[in-house]
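The values are calculated or read from the model by the stated rules, or taken from the named source; none is laboratory data. None of the values given here were measured: they were computed from a predicted structure. Cβ placement follows ideal geometry from the backbone for every residue including glycine, while neighbour counts extend to all protein chains displayed. Accessible surface is based on the protein model in full, side chains and every heavy atom, while ligands, DNA and RNA are left aside. Shrake-Rupley method; radii C 1.70, N 1.55, O 1.52, S 1.80 Å.
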Amino acid sequence: ADDSKARMILIYLDKTTGNFPVATGSLTEFDNSITGTAHIMQYIPAPPANAIPLAGIRLVSGTSTINWDNIYDVRPLLE
């Protein structure tokens, strides 16, 4: 990805195993200037069956650490 693009991943709770897997979906790229929750929701991968969605993580090219500015609470939006 180039520096002007971002991608979203989804962290969720697997109800069966109790693990916290990552859903990557198709990793559709979008302009990295898009940051608002209402605007990034369409890029968050759909949670699999038997999952409780927890957080969307916004990744840009070269991401080496994730801070609170990159984390979106999706619990009230995707459940």
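Per-structure values
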item	result
Cα centre as origin, Lys/Arg/Asp/Glu Cβ charges: the chain dipole, Debye	200
Residue-normalised accessible area of the chain, expressed per residue, 1.4 Å probe, Å²	62
Order by protection proxy (mean Cβ within 10 Å, highest first), peptides 54-62, 4-12, 29-37	4-12, 54-62, 29-37
Percent carbon-and-sulfur accessible area, the chain, ignoring ligands, DNA and RNA, probe 1.4 Å	51
Per-residue ³J(HN,Hα) for segment 7-15, Karplus 6.51 cos²θ - 1.76 cosθ + 1.60, θ = phi - 60°, Hz, x for Gly and Pro	9, 10, 10, 10, 9, 9, 9, 7, 4
Förster radius 25 Å - calculated FRET efficiency between T17 and A46, Cβ distance, rounded to 0.05	0.85
